[in-house]
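The values are calculated or read from the model by the stated rules, or taken from the named source; none is laboratory data. Everything numeric in this text was worked out from a predicted model, so none of it was measured. Neighbour counts run over all protein chains shown; Cβ positions are idealised from the backbone, glycine included. Each accessible area value is taken on the protein alone, full model and side chains, heavy atoms only, with ligands, DNA and RNA left out. Shrake-Rupley method; radii C 1.70, N 1.55, O 1.52, S 1.80 Å.
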Amino acid sequence: MNIVKAKDYHDMSRKAANMISAQIILKPACVLGLATGSSPIGTYEELIKRYQDGDLDFSQVTTVNLDEYRGLPRENDQSYYYFMNEHLFQKVNIDASRTFLPDGMEADHEAACKKYDGIIRSVGGVDLQLLGLGHNGHIGFNEPGNVFEKGTHCVDLSERTIQANTRFFASEKDVPRQAYTMGIQTIMAADKILLVVSGEDKAEIVKAAFFGDVTPQIPASVLQLHRNVTVIADEAALSKCEGML
Ligand code: F6R
């Protein structure tokens, strides 16, 4: 596991964009696994700048996102589909027909999971998977549990997550109760993994996930077993790892 120290969020985002840019330049028809949340927004902004400067071409890139809420239509401004369009897809020359997320509106949840795993297989797997890190060690919506879930699955959101998400919705009852997420096996099958993490509030979980035991109670800890992981963390996120790097 390669841990890269960044000065702050901006520096982390620049360094992450360097890696993603290198991936796209070296393999223009690559498959990127993408994440939502606040951690990758700066990375996407950097990628957009490079596209605007003429240094990056997304025309052959395929993307598969980690997760999507169940039951939210794409046009809902809290859907991850909406997020990705807002923060990346609409701002670069990517072919929309090659951008994939789980279908949050598929009524049959087993069919939705099967379909998404089929899509990931059909694009040939992921070359570079971008991840954020949840405060409890989740990656995608793979929450702490007793086993590492393998493929795409439907997750019941915890009360804590529902409460935390209420601020983005008109009222608590509008917050989705379930989400689809790529499984740990799919994430681990990516050729390269890039995790971005920033802020002192993540320092404790960074230490536990990357320097502690590998356990499904801290899903991100499984990344220690992957052969090509880069963690780009800012100084604040690494503040509890002094002497370990
Ligand atoms: C988002 C995702 C989540 C986030 C994690 C960190 O697609 O899969 O695992 O990466 O919750 O979120 P932020 O970056 O908002 O702290």
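Find the residue count for the stretch 36-65, including only residues that are of a type in the set (A, V, I, L, M) and either over 19 Å from Y82 (Cβ atoms) or away from the ligand (no atom under 12 Å from the Cβ) (or both).
The qualifying residues number 4.
For the stretch 158-178, state whether one or more residues are modelled with pLDDT of 90 or more, among the acidic types (D, E) and assigned to a loop (DSSP other than H, G, I, E, B).
no
Quick one: how many residues across the stretch 225-245 are open to solvent by 60 Å² or more (accessible area, probe 1.4 Å) and within 22 Å of I20 (Cα to Cα)?
Selection size over the stretch 225-245: 4.
It is to be established whether one or more residues within the stretch 122-142 are within 14 Å of the ligand (Cβ to nearest atom), surrounded by fewer than 15 Cβ atoms within 10 Å (Cβ to Cβ) and not charged (D, E, K, R).
Yes, the stretch 122-142 has at least one match.
For K150, all conditions in the list (1) open to solvent by 30 Å² or more (accessible area, probe 1.4 Å); (2) in a loop (DSSP other than H, G, I, E, B); (3) over 29 Å from A107 (Cβ atoms) hold save one; what is the number of the exception?
The number of the failed condition is (3).
Condition test on D201, is it of a type outside the set (A, V, I, L, M, F, W, C), within 16 Å of the ligand (Cβ to nearest atom) and crowded, with 21+ Cβ neighbours inside 10 Å?
No; evaluated as a whole, the condition is false for this residue.
Looking only at the stretch 224-237, count how many residues are of a type in the set (A, V, I, L, M), over 9 Å from A6 (Cβ atoms) and assigned to a loop (DSSP other than H, G, I, E, B).
1
What tally of residues in the stretch 11-58 results from selecting those that are open to solvent by less than 70 Å² (accessible area, probe 1.4 Å), within 19 Å of the chain's Cα centre (by Cα) and modelled with pLDDT of 95 or more?
29
Report whether or not D8 is more than 16 Å from the ligand (Cβ to nearest atom), more than 19 Å from the chain's Cα centre (by Cα) and either surrounded by fewer than 21 Cβ atoms within 10 Å (Cβ to Cβ) or not β-branched (V, I, T) (or both). Quick ask: steps written out before the conclusion?
Numbers: more than 16 Å from the ligand (Cβ to nearest atom): no; more than 19 Å from the chain's Cα centre (by Cα): yes; either surrounded by fewer than 21 Cβ atoms within 10 Å (Cβ to Cβ) or not β-branched (V, I, T) (or both): yes.
So D8 fails the test.
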